[in-house]
Amino acid sequence: MGKVSVTIRVLPDNVDVDLESIAGEIKKIMPANVQFRGYQISDIAFGLKALLFNILAEDEGVEELNSEIEKIKGVGSVEVVDLTLI
């Protein structure tokens, strides 16, 4: 197993969700072996925005992190949009 750079997209469950607070919650639940490398908020359509964040992690830990993010209030869906082996 190796280290991977991962970009994860988090979509809110509605357009009124504060993505900055979701980003803060994601930072709080990061395991010690995952390095948070930054995030950005991206427009999708019709007022909907997505949170895109990048992490550096061991490749086997990404699925568990996605499951934890899905539990955060206001999160509609979570998906890996880019994964690069380092």
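Where a number appears in this text, it was derived from the coordinates with a stated rule and is not lab data. All of these numbers come straight from a predicted model, not from anything done at the bench. Cβ coordinates were reconstructed from backbone atoms using ideal geometry, including for glycine residues, and neighbour counts include every protein chain displayed.
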Going through (1) within 15 Å of ILE72 (Cβ to Cβ); (2) over 12 Å from the mean Cα position of the chain (by Cα); (3) exposed (fewer than 12 other Cβ atoms within 10 Å of the Cβ) one by one, VAL17 fails only at (3)
Flagged pairs (Cβ under 8 angstrom, 6 or more apart or on separate chains; first in segment 57-85, farther than 15 Å from THR7 by Cα; second small (Gly, Ala, Ser) and assigned to a strand (DSSP E or B)) are GLU70/SER77
By residue number, the members of segment 2-55 that are among the hydroxyl-bearing types (Ser, Thr, Tyr) and within 15 Å of LYS71 (Cα to Cα) are SER21
